[in-house]
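The values are calculated or read from the model by the stated rules, or taken from the named source; none is laboratory data. Keep in mind that this is a model prediction, so the values were computed, not measured. Here Cβ is always computed from backbone atoms with ideal geometry, including for glycine, and neighbour counts include all displayed protein chains. Surface areas here come from the heavy atoms of the whole protein model, side chains and all, with no ligands, DNA or RNA. Shrake-Rupley method; radii C 1.70, N 1.55, O 1.52, S 1.80 Å.
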Number of protein chains: 2
Amino acid sequence: MDFSLYNTKGKFYGISRQIPDSAEWNAADAKSGLGEIYIMGNVVIGQSGGPTAVINASLAGVVQAARIKGVEKIYGMHYGIQGFLKEDLIDLGNDYIRTREDIEFLKRTPSAFLGSCRYKLPPFEKDPEVYEKVFAIMEKYDISCFLYIGGNDSMDTVKMLSDYAALHKKPQRFIGIPKTIDNDLPVMDHTPGYGSASKYIATSVKEIIRDNECYDSPIPSVVIIEIMGRHAGWLTAAAALSRGDDCSGPDIICLPEVPFDMDAFYARIHELAKVKHSIVIAVSEGIRFADGTFVCEMEEENVKLDAFGHKMLSGCGELLANKLMQESNYKVRNIEFSTLQRSATHIASVIDIREAYDVGIYAVNKAYEGETGKVVTINVAERDPYQVYYGLHDVHSVANEEKMVPVAWITPDHMDVTEDYCRYAKPMIAGNYMPYYVDGIPHHMTLKKK
Amino acid sequence: MDFSLYNTKGKFYGISRQIPDSAEWNAADAKSGLGEIYIMGNVVIGQSGGPTAVINASLAGVVQAARIKGVEKIYGMHYGIQGFLKEDLIDLGNDYIRTREDIEFLKRTPSAFLGSCRYKLPPFEKDPEVYEKVFAIMEKYDISCFLYIGGNDSMDTVKMLSDYAALHKKPQRFIGIPKTIDNDLPVMDHTPGYGSASKYIATSVKEIIRDNECYDSPIPSVVIIEIMGRHAGWLTAAAALSRGDDCSGPDIICLPEVPFDMDAFYARIHELAKVKHSIVIAVSEGIRFADGTFVCEMEEENVKLDAFGHKMLSGCGELLANKLMQESNYKVRNIEFSTLQRSATHIASVIDIREAYDVGIYAVNKAYEGETGKVVTINVAERDPYQVYYGLHDVHSVANEEKMVPVAWITPDHMDVTEDYCRYAKPMIAGNYMPYYVDGIPHHMTLKKK
């Protein structure tokens, strides 16, 4: 493999097949010429947006790959780019991740180890100082690679900064590492975080079904489960993975990609109630009526906004449950998975952890090959047997776009998903990554001075 | 060990140190005399009340022990005593649990494999026919041992039937096998089901804390977690087990054993909000004001009843969250664990599974020694190292009574639990009993003809 090498002032030296030892790198100082001593800059890595069960596996991959490359300083942004702008940097390589055991421990820790943020850079025209500040800090700390782990909105940061660098001929490289439980990043097969969230959802839905079936009551018992998914129904679809020869799975699954028909929904429940005593339903928080209004906005005080200006959706499960209770004598329960579905690292999928880790490694490798303005992609060559390969995609076609569940994977009655979906998702939930237990509870790595 | 032996018509023969082979038992027919051939009756086992993550481990223990004893037919009640009264019996020994692998598979299955019921026998004076029916069915199927896995209300069934048997000089034996996530059965240290529910709660609370801490927002983020516990706060106390050197645990824990002071509660939140950006609170569904009214009854339409006449409590977490949202600018989220906390066998504790299994074995052994009108108890000789032994207690002092968290284990400000509680609970959550995974999801044993 050829490596493109720069010094910390951004001067390009050329290509080398060998990575010099760290010692050589430190001892040397700006000698030029091909094949002689070179200096390679530091890495800064940040986590942004909603946390997932595997976001730290990506962080671990970055640290591991950077260490192998002989990078001197591996910095972490404390609370994403907001912390970076305050120079709140964590010396990951020296203070936290020093051994292979640390790497393994980090991979088993939920939520964002470095902290996260929901902050979109303003357009350059509105606030050029922010951009100048970012680059001044990068130069101050000899940072040549800026890696950002995040979803849709976070890739926007990568795009803005790499555009600025291109425009102002800055040498620093910017790579996005994908992350989201929502699985809605385009140009890739699926995203890190989705497999583990799906495993959690399918396992929990199955346990809820088991629990709900246990009484033989003449009065039907209905459970409505509300699952995350603002516009894309990937997470809600995962409820279907509970289906097997030992479980019939949910009776109804409603995704936001298709209009929600309230009358048909309740008619189906009443039909089912004639023949079964246990009915379990999965709905996405983002289901909408044919006219586009969110079901959870049936009662207006439910509408709240998050920092990115997205409506914070929740409550449609409760509204649908309450309405059913008023209109029938059924026993009705509403369950909202809430943040449990994105933080359940105790039941993370091996495939998901591995892929999250790998995209971190891949990002470092590509950044040091000179790539910038790109996001790492996960691609599936074949699904059975499952074969994955990684790639890069221009961040301009990723940022601020959403990939939805194909309507062809939703049944014509809009109340289930097809086998096509299950074939797609099953490989991602395979294997369970065992936590490190202490006193009966999973143990986590936390930010503290060692 | 001496065994008391009866024939299926109830005639007592005497004591033997040996259990004859099944073949001898079947071949013989009512020969009397000590040391000669005896006939031992069949077992019927039922599950009752709310299911738990380990209720099937008790069932497995019963089947295993009965098989070893050479019992010919091991019947399961389909949906508890309600099914028994309809003669809806499952031939467990022949149709479902035939191998050691079946036993292991059953132990890893959540919720009541046989189905459950919430049905209390009416007093004899009100409905003598029900009692006559129970005994007629027992005689028809040559059942000499009636074992019932359940909690408080279920032990009532054991009491009523054993009292009737004593009064009418019936030979059948009745033993209760304890079960409840609530841990509120008196006369024993703890109950099967509690350890796994606690492991689930502590793990999930810890993941919620991790998730909630990830943003460095100037506006505090508050999560209120509502946990089951009608009158006893054992489950809610388990949130404290998330505390360790890697986690500060919940900031406030409110149990129903002490009056809930709304003003002090909100004052504490506001104090914490000045110094931390993440606040996580655990409240029991059964918290009450000083005057005895349930907090969830603040808005009257929340009050519903279950089949045993207990108020179905839920919603106090949501009410408290809504009030906080109205009175502050904090970001507030409400999470209710709902049935997840009692069906999460994927994170069952080894100790809990083992003890649930053991009390099933013990029940069979004692029934065949002639014991009746008793409930199996779990006793702790020493907590560190943890040593457990099993015993029997008169069912009259167990049925319809509740064991609460000692007030001495609740801090004086009523917002936390003490180290005494943690020392008590920690041993029960140790080890994790790995599910059998198929296609990435835990696999369950279900009722179907094999």
TODO: Scan (1) within 14 Å of chain B (Cβ to nearest Cβ); (2) exposed (fewer than 14 other Cβ atoms within 10 Å of the Cβ) for the single condition A:Pro435 breaks and write down its number.
DONE: (2)
Open item on the list: Just checking, does region A:421-439 include any residue being free of Cβ contacts under 8 Å to residues at least 60 places away in the same chain, touching a Leu at 6+ places or on another chain (Cβ under 9 Å) and either within 30 Å of B:Arg243 (Cα to Cα) or basic (Lys, Arg) (or both)?
Closed with: yes
- [ ] Run down A:Leu5, A:Leu34 and say which single residue is open to solvent by less than 40 Å² (accessible area, probe 1.4 Å) and either among the aliphatic types (A, V, I, L, M) or at pLDDT below 95 (or both).
- [x] A:Leu5
Open item on the list: at pLDDT 95 or above, within 26 Å of the chain's Cα centre (by Cα) and either within 10 Å of chain A (Cβ to nearest Cβ) or farther than 29 Å from B:Cys214 by Cα (or both): is that true of B:Ser338 in this structure?
Closed with: no
Open item on the list: So for region B:402-423 (the condition being within 14 Å of another protein chain (Cβ to nearest Cβ) and crowded, with 21+ Cβ neighbours inside 10 Å), does at least one residue qualify?
Closed with: yes
Open item on the list: For the condition outside any strand (DSSP E or B) and either more than 9 Å from every other protein chain (Cβ to nearest Cβ) or modelled with pLDDT of 95 or more (or both), what is the one hit in A:Ala321, A:Ala307?
Closed with: A:Ala321
Task: Selection from region A:373-408 of residues that are small (Gly, Ala, Ser) and assigned to a helix (DSSP H, G or I) - done: A:Ser397, A:Ala408
Task: Positions within region B:152-161 being crowded, with 24+ Cβ neighbours inside 10 Å and away from chain A (no Cβ under 14 Å), in sequence order - done: B:Met155, B:Thr157, B:Val158, B:Leu161
TODO: Name the single residue, out of those in region A:201-228 being open to solvent by 10 Å² or more (accessible area, probe 1.4 Å) and of a type in the set (Ser, Thr, Tyr), that is nearest to the other protein chains (Cβ to nearest Cβ).
DONE: A:Tyr215
TODO: Scan (1) acidic (Asp, Glu); (2) within 28 Å of B:Glu285 (Cβ to Cβ); (3) within 13 Å of chain A (Cβ to nearest Cβ) for the single condition B:Asp384 breaks and write down its number.
DONE: (2)
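Here is a yes/no grid of residues against (1) within 14 Å of chain B (Cβ to nearest Cβ); (2) open to solvent by 30 Å² or more (accessible area, probe 1.4 Å); (3) farther than 30 Å from A:Met228 by Cβ; (4) at pLDDT 95 or above:
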| position | (1), (2), (3), (4) |
| --- | --- |
| A:Lys9 | no, yes, yes, no |
| A:Ala23 | no, yes, yes, no |
| A:Ala28 | no, no, yes, no |
| A:Gly50 | yes, no, no, no |
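Let's see how each residue does on (1) among the charged types (D, E, K, R); (2) under 18 Å from B:Arg354 (Cβ atoms):
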| residue | (1), (2) |
| --- | --- |
| B:Tyr119 | no, no |
| B:Asp142 | yes, no |
| B:Leu161 | no, no |
| B:Asp182 | yes, no |
| B:His190 | no, yes |
| B:Ala202 | no, no |
| B:Val205 | no, no |
- [ ] Out of the residues in region A:341-351 that are at the interface with chain B (Cβ under 7 Å from one of its Cβ atoms) and more than 14 Å from the chain's Cα centre (by Cα), state the one that is nearest to A:Ala112 (Cα to Cα).
- [x] A:His346
- [ ] Could you please give the count of residues in region B:347-372 that are in a helix (DSSP H, G or I) and either at pLDDT below 95 or of a type in the set (Val, Ile, Thr) (or both)?
- [x] 10
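Given the residues A:Val380, A:Val376, which is the only one that is of a type in the set (A, V, I, L, M), modelled with pLDDT of 95 or more and open to solvent by 30 Å² or more (accessible area, probe 1.4 Å)?
A:Val380
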TODO: Please tell me if B:Ile143 is of a type in the set (A, V, I, L, M) and either within 30 Å of B:Leu340 (Cα to Cα) or at pLDDT 95 or above (or both).
DONE: no
- [ ] Could you look through region B:72-107, keep only residues that are in a loop (DSSP other than H, G, I, E, B) and either within 14 Å of chain A (Cβ to nearest Cβ) or of a type in the set (A, V, I, L, M, F, W, C) (or both), and pick out the one that is nearest to B:Asn432 (Cα to Cα)?
- [x] B:Ile97
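Just a yes or no: is a residue in region B:250-262 under 23 Å from B:Ile351 (Cα atoms) and modelled with pLDDT of 95 or more?
Residues of region B:250-262 that are under 23 Å from B:Ile351 (Cα atoms), as a first pass: none.
Among the residues of region B:250-262, not one is under 23 Å from B:Ile351 (Cα atoms) and modelled with pLDDT of 95 or more, which makes the answer no.
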Open item on the list: For the condition open to solvent by 10 Å² or more (accessible area, probe 1.4 Å), in contact with a Pro (Cβ under 8 Å, 6 or more places away or on another chain) and away from every other protein chain (no Cβ under 14 Å), what is the one hit in B:His270, B:His231?
Closed with: B:His231
Open item on the list: Let me confirm something: among A:Pro178, A:Pro186, which residue is more than 14 Å from every other protein chain (Cβ to nearest Cβ) and crowded, with 23+ Cβ neighbours inside 10 Å?
Closed with: A:Pro178
- [ ] Within region B:108-137, work out how many residues are away from every other protein chain (no Cβ under 14 Å), open to solvent by less than 40 Å² (accessible area, probe 1.4 Å) and modelled with pLDDT of 95 or more.
- [x] 5
Open item on the list: For B:Gly93, only one of the following conditions fails: (1) open to solvent by 20 Å² or more (accessible area, probe 1.4 Å); (2) more than 12 Å from B:Ala57 (Cα to Cα). What is its number?
Closed with: (1)
